[in-house]
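A.B. asks: First, the structure itself, so that you have it in front of you.
The values are calculated or read from the model by the stated rules, or taken from the named source; none is laboratory data. From a predicted model like this one, the values you see are computed outputs, not experimental measurements. FYI the Cβ positions are ideal-geometry reconstructions off the backbone, even for glycines, and counts take in every protein chain you see.
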Amino acid sequence: MVKILLLSLSIVLTLQTRAGIIKGLITNNKGEPLPYATVMVKGTTNGTTANANGAYQLDLPAGRYTVVCQYMGYRKAEKSVQVTDGTLELSFSMEPVSLQIKEVVVTSGGEDPAYAIIRQAIRKRSFYQRQVKNYTADAYIKSLFKLRSTPKKFLGQKIDKEDVGVDSTGKGIIMLSESVTKISYREPDMKLDVISSRQSGGGLGFSIPTTISFYDNNVEAVASQMGPRGFISPIAENALAYYRYRLEGSFLEDQQMVNKIKVIPRRKYEPLFAGYIYITDGDWRIHSTDLMLTSEYQLELADTLIIRQTHVPVNNEVWRTKDQVVYAAVKKFGFDLVGNFVNVYSNYNLEPVFPKGYFNKVVIKYQKDVNERDFKYWDSIRPVPLEKEEQRDFRVKDSTAKAMRDSSRSRYHLDSLRAKPQKVKLKNILLNTWGHTWYFKRDTTITAHSFSMRSLISALSYNTVEGVAVNLRPSLNFSLPGNKRLSMNNVIRYGFSNTHLNAYTQFVFGSNQRNKNVWTLAGGKRISQFNKEEPIGPLTNSLYTLLLKENYMKLYENWFGSLGFHRQLPNTMRLSVSALYEDRIPVENTTDFVLFKNDKKSFLPNHPQELAGLPFERERVLTASASVSYQPGQKFIEYPKSKVAIGSKYPTFTLMYTKGFLDADFDKWKVSMRDDMNFKLFGELKYNLSAGGFLNNRAVSIPDLQHFNGNQTFYNIRYLNSFQLAPYYQYSTSANLYATANVEHHFNGLLTNKIPLFNRLKWHLVAGSNAFYVNSDNHYVEVFAGLENIFKMIRVDVVAGYQSQLPTRVGVRVGFGGILGGAFRVE
């Protein structure tokens with residue numbers, strides 16, 4: 001979840017030679033502070049913003065200025081000052097505006113005069129949305145999250161308040177950052193140049209201004225996860241169907257009338273704002289906003305989000321956002337979290353000259369020294385004075401981080417790390433990943449080798465070939481010179497029923513940096529599923545075998561050796577090549593043990609029943625494979641030492657080719673296209689389309705067939721790479737051509753927001769279809785509809801499968817889906 005504010009390098013250079021400081025407090029006529037009030041030099045967009053306590057500071061060269069103070073709902077104030085060397089105290093006591101109620105000619109329908117104003121604003125919306133074709137501006141961004149209370153335990157685990165970063169009462173700042181970013185825009189492209197950025201305690205802060213435009217029909221509030229459908233602007237083309245309006249009154253500002261209009265959602269559970277929007281009279285532009293989102297109006301992850309903006313004139317024709325403050329509040333699982341994102345925009349230039357090639361695929365670029373600025377720099381450019389707790393948080397956490405960095409280079413720190421006990425408890429061996437770390441010094445830094453082992457419980461499984469199987473996975477990670485790493489991943493597996501021991505080792509060598517070569521070398525003896533995509537996991541198979549007497553997992557053993565190479569290119573093209581040798585050995589069932597006896601059912605042979613006519617005997621097969629994946633139009637974030645892809649509006653295309661040798665003789669290909677398409681209010685469409693086949697199928701064994709990922713259990717999560725009701729091996733083929741399609745539409749609250757109970761629970765509808773076609777005798781289609789976002793993570797589908805060789809089948813499948821569901825995986 002997050003991003004926000006601005007100022008430019010030219011301002012920085014100017015302020016370094018400042019002659020004076022103006023500072024003071026901004027309060028109302030009762031002496032109460034006005035948080036985040038706007039302070040500007042008249043006739044410019046340069047200025048500052050008060051902090052949460054109403055304190056401001058403005059650095060200016062010597063000269064005479066008129067300082068303007070502005071706050072929503074209060075009369076604009078101006079004061080002339082002479083700036084000289086030193087500090088000048090200049091406070092403002094703001095008077096509430098006197099709202100005037102216009103004489104209204106009441107229509108037969110009794111319509112509030114606000115509607116006429118809103119209709120005019122809607123007519124002008126697209127003009128103001130596209131009015132500025134080019135501009136540059138500077139943004140200062142300050143982001144803060146703090147806890148007001150913390151539970152003693154979360155999910156049964158005791159919370160260490162020191163690790164969280166709060167005091168003994170559970171209160172404190174857990175994230176504080178500030179950044180300076182230069183914005184460059186030329187329709188339709190935008191580029192962000194991050195001049196400086198820091199986070200309390202070290203690292204980069206939020207550096208991307210959260211530009212929220214209410215001139216857009218659909219408004220994204222901070223991040224798409226806060227509302228996947230977006231939110232309908234109060235002046236959207238169809239806003240009158242969603243909102244009611246009431247004119248609270250009007251006031252005069254700079255010889256122009258400003259209308260204060262209350263925005264009232266017509267219905268709950270729609271993606272709507274509530275609050276106030278101020279519209280100027282005559283030109284019908286946005287003057288300022290004070291709008292709120294709540295969980296009742298499809299806000300996700302947070303309980304409340306408040307967006308306050310102030311717009312100011314850049315010239316006689318154009319107004320732009322001067323400052324924006326977003327407040328967030330969350331109360332979940334005993335945590336009481338609040339945050340704010342302050343964006344201050346300044347130094348607008350509406351006639352910029354951009355060098356040739358300036359707008360390219362890099363949309364966010366971090367300067368090389370972006371996080372190396374000192375306290376003096378930040379004090380000289382910060383337009384929003386820090387509050388006392390923010391000053392303390394920066395000072396304490398930055399000092400602590402520096403001390404840790406300095407000590408990390410010392411022999412004392414190395415000895416302390418080595419002396420720190422790394423006890424291995426029985427509980428960790430049984431339930432958690434455990435291990436040990438060896439520290440040493442290379443050049444001036446301390447690095448480490450490590451050993452880790454997965455829990456014993458996760459290593460246990462059951463199948464009819466091995467019986468109870470123990471699958472231990474010890475791994476070693478080595479830190480090498482040149483920022484390289486070598487991983488040694490080992491697998492030791494023993495089946496207690498067939499008494500077979502399988503073991504192999506995999507070496508992975510590569511760089512810690514992105515976009516570098518990765519080599520993989522592996523060899524030994526292992527047990528594998530016939531379908532190498534492993535459509536059923538060991539836990540699910542164990543439960544079905546022991547409880548329901550269904551042995552879906554089909555296995556074979558193999559001595560193998562493999563060599564692979566992977567490269568992620570800077571242009572987002574991914575290349576992979578590999579060679580695999582297997583000495584394949586058939587295996588049979590050796591046990592029929594179940595927890596609940598059922599004489600009406602019996603286990604099927606380990607050889608897939610659907611492929612009984614295709615023999616599987618010991619064989620030696622060498623396969624060579626290559627794949628390339630590419631997404632055109634990709635955009636990037638460029639860091640000082642790396643470049644990261646952040647997406648594109650185009651699909652991702654993948655081409656794969658495999659050649660079989662020795663006892664095999666085949667040529668297999670596949671091309672696929674997949675994408676996620678967000679239609680905002682109308683939901684999100686996801687699809688995965690592919691076609692493939694065998695150019696040559698003279699000798700194709702079961703493991704080399706084209707398998708379609710079926711699913712015969714209640715659980716499924718491979719929604720775009722599986723068929724929820726299809727048998728695992730019934731449709732496997734070596735045909736020269738086949739095609740598949742997986743399509744699903746996530747309504748994200750559309751339709752269900754009108755159904756009682758569902759709208760309160762925020763359960764969302766999902767629907768789609770999965771299909772493949774080989775020929776008239778081998779094809780399959782299933783359609784499904786379900787609910788997701790149950791407890792923010794669960795998805796339940798009802799599926800009907802139309803199978804070419806079986807009667808129509810209807811089933812229910814459960815998996816993960818929703819706002820948080822994508823983060824969960826179960827084997």
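A.B. asks: Taking region 582-615, which residues are in contact with a strand residue (DSSP E or B) (Cβ under 8 Å, 6 or more places away or on another chain) and under 17 Å from Arg526 (Cα atoms)?
C.D. replies: Passing the criteria: Glu582, Asp583, Arg584, Ile585, Pro586, Val587, Asn606.
A.B. asks: Would you mind listing the strands (runs of 3 or more DSSP E) fully within region 57-166 where at least 1 residues are at negative phi and more than 36 Å from the chain's Cα centre (by Cα)?
C.D. replies: Those strands (runs of 3 or more DSSP E) span 63-70, 77-83, 86-89, 92-94.
A.B. asks: If I go through region 350-369 residue by residue, how many of them are under 26 Å from the mean Cα position of the chain (by Cα), surrounded by fewer than 10 Cβ atoms within 10 Å (Cβ to Cβ) and not charged (D, E, K, R)?
C.D. replies: Qualifying residue count for the region: 0.
A.B. asks: Here is a follow-up. Please indicate, with yes or no, whether at least one residue in region 271-292 is under 28 Å from the mean Cα position of the chain (by Cα), within 20 Å of Ser179 (Cα to Cα) and charged (D, E, K, R).
C.D. replies: Checking region 271-292: not a single residue is under 28 Å from the mean Cα position of the chain (by Cα), within 20 Å of Ser179 (Cα to Cα) and charged (D, E, K, R).
A.B. asks: Let me ask another. Go through (1) surrounded by 15 or more Cβ atoms within 10 Å (Cβ to Cβ); (2) part of a strand (DSSP E or B) for Asn498 and report which single condition fails.
C.D. replies: With (1) surrounded by 15 or more Cβ atoms within 10 Å (Cβ to Cβ); (2) part of a strand (DSSP E or B) applied to Asn498, the lone miss is (2).
A.B. asks: Pick out the one residue from Tyr552, Tyr581, Tyr544 that is surrounded by 15 or more Cβ atoms within 10 Å (Cβ to Cβ) and over 22 Å from Phe708 (Cα atoms).
C.D. replies: That would be Tyr581, the only listed residue that is surrounded by 15 or more Cβ atoms within 10 Å (Cβ to Cβ) and over 22 Å from Phe708 (Cα atoms).
A.B. asks: I would also like to ask the following. Return yes when Ser776 is under 25 Å from Ala726 (Cβ atoms), in the same structural domain as Asp676 (by TED's automatic domain parsing) and over 32 Å from the mean Cα position of the chain (by Cα) and no when it is not.
C.D. replies: When the stated conditions are applied, Ser776 passes them.
A.B. asks: Only one of Ile159, Ile183 is touching a Ser or Thr at 6+ places or on another chain (Cβ under 7 Å) and closer than 22 Å to Ile381 by Cβ. Can you tell me which?
C.D. replies: Result of the check over Ile159, Ile183: Ile183.
A.B. asks: Taking the stated definitions as given, is Leu521 of a type outside the set (D, E, K, R) and either within 30 Å of the chain's Cα centre (by Cα) or loosely packed, with under 15 Cβ neighbours inside 10 Å (or both)?
C.D. replies: Answer is yes for this residue.
A.B. asks: Right, here's the next one. Please enumerate the residues belonging to region 698-717 that are under 17 Å from Tyr544 (Cβ atoms) and not hydroxyl-bearing (Ser, Thr, Tyr).
C.D. replies: Listed by number, the residues that qualify are Asn709, Gly710, Asn711, Gln712, Phe714, Asn716, Ile717.
A.B. asks: Quickly run through region 380-391 and pick out the residues that are modelled with pLDDT of 85 or more and either surrounded by fewer than 18 Cβ atoms within 10 Å (Cβ to Cβ) or in a loop (DSSP other than H, G, I, E, B) (or both).
C.D. replies: Residues satisfying the conditions are Arg382, Pro383, Val384, Pro385, Leu386, Glu387, Lys388, Glu389, Gln391.
A.B. asks: Something else about it: Identify all residues within region 558-590 that are part of a loop (DSSP other than H, G, I, E, B) and modelled with pLDDT of 95 or more; write none if there are none.
C.D. replies: Pro586, Val587, Glu588, Asn589, Thr590
A.B. asks: Sticking with this structure for a sec: For the condition among the hydroxyl-bearing types (Ser, Thr, Tyr), in the same structural domain as Val326 (by TED's automatic domain parsing) and modelled with pLDDT under 90, what is the one hit in Thr289, Thr211?
C.D. replies: Thr211
A.B. asks: Restrict the check to region 532-539 and report whether at least one residue is closer than 29 Å to Pro615 by Cα, not polar (S, T, N, Q) and not in a loop (DSSP other than H, G, I, E, B).
C.D. replies: For region 532-539, residues closer than 29 Å to Pro615 by Cα, not polar (S, T, N, Q) and not in a loop (DSSP other than H, G, I, E, B): present.
A.B. asks: Here's something else I'd like to know. When both residues are 6+ apart or on different chains and their Cβ atoms are under 6 Å apart, which pairs have a first residue that lies in region 36-65 and is closer than 11 Å to Ile26 by Cβ, and a second that is of a type in the set (Phe, Trp, Tyr)?
C.D. replies: What qualifies is Ala37/Tyr71; Val39/Tyr56; Thr48/Tyr56; Thr49/Tyr36; Ala50/Tyr36; Ala50/Tyr56.
A.B. asks: Something else about it: When you look at Thr48, is it in a strand (DSSP E or B), modelled with pLDDT of 90 or more and touching a strand residue (DSSP E or B) at 6+ places or on another chain (Cβ under 8 Å), yes or no?
C.D. replies: No: the conditions fail for Thr48.
A.B. asks: Right, something else. Can you tell me which residue among Ser196, Ser213 is closer than 23 Å to Glu351 by Cα and polar (S, T, N, Q)?
C.D. replies: Going through Ser196, Ser213 in turn, just one is closer than 23 Å to Glu351 by Cα and polar (S, T, N, Q): Ser213.
A.B. asks: Within the set of pairs 6+ apart or on separate chains, which have a first residue in region 786-803 that is within 18 Å of Ser295 (Cβ to Cβ), a second that is surrounded by fewer than 18 Cβ atoms within 10 Å (Cβ to Cβ), and C-beta atoms under 7 Å apart?
C.D. replies: As it stands, the answer is Ile790/Val796; Lys792/Leu820; Met793/Leu820; Met793/Phe824, since those pairs meet every condition given.
A.B. asks: Let me ask you something else. Assigned by TED's automatic domain parsing to the domain that holds Thr658 and either of a type in the set (Gly, Ala, Ser) or not in a loop (DSSP other than H, G, I, E, B) (or both), is that true of Leu543?
C.D. replies: Considered against the rule, which asks whether it is assigned by TED's automatic domain parsing to the domain that holds Thr658 and either of a type in the set (Gly, Ala, Ser) or not in a loop (DSSP other than H, G, I, E, B) (or both), Leu543 comes out as yes.
A.B. asks: All but one of (1) acidic (Asp, Glu); (2) at pLDDT below 90; (3) within 23 Å of the chain's Cα centre (by Cα) hold for Glu788; which doesn't?
C.D. replies: (2)
A.B. asks: A follow-up question, please. Here are some residues: Asn432, Asn463, Asn428. Which one is surrounded by 11 or more Cβ atoms within 10 Å (Cβ to Cβ), at pLDDT 65 or above, touching a Ser or Thr at 6+ places or on another chain (Cβ under 9 Å) and over 22 Å from Met488 (Cα atoms)?
C.D. replies: Asn463
A.B. asks: Do you know which residues across region 263-277 are charged (D, E, K, R) and more than 10 Å from Tyr243 (Cα to Cα)?
C.D. replies: Lys268, Glu270 - these are the residues of region 263-277 that are charged (D, E, K, R) and more than 10 Å from Tyr243 (Cα to Cα).
A.B. asks: On to the next question. Could you tell me whether Asn748 is over 22 Å from Phe530 (Cβ atoms), assigned to a helix (DSSP H, G or I) and in the same structural domain as Met677 (by TED's automatic domain parsing)?
C.D. replies: No; evaluated as a whole, the condition is false for this residue.
A.B. asks: Within region 613-627, track down each residue that is closer than 16 Å to Asn778 by Cβ and either acidic (Asp, Glu) or surrounded by fewer than 13 Cβ atoms within 10 Å (Cβ to Cβ) (or both).
C.D. replies: Scanning region 613-627 gives a single hit, Gly613.
A.B. asks: For Gly165, state whether it is under 21 Å from Asp336 (Cα atoms), touching a Pro at 6+ places or on another chain (Cβ under 9 Å), surrounded by 13 or more Cβ atoms within 10 Å (Cβ to Cβ) and not aliphatic (A, V, I, L, M).
C.D. replies: No, not satisfied.
A.B. asks: Same structure again: Any residue at all in region 236-248 that's among the hydrophobic types (A, V, I, L, M, F, W, C), under 18 Å from Ser213 (Cα atoms) and touching a helix residue (DSSP H, G or I) at 6+ places or on another chain (Cβ under 8 Å)?
C.D. replies: Yes.
A.B. asks: If we scan region 9-21, do we find a residue that is modelled with pLDDT of 90 or more and either of a type in the set (Phe, Trp, Tyr) or farther than 30 Å from Ile208 by Cα (or both)?
C.D. replies: no
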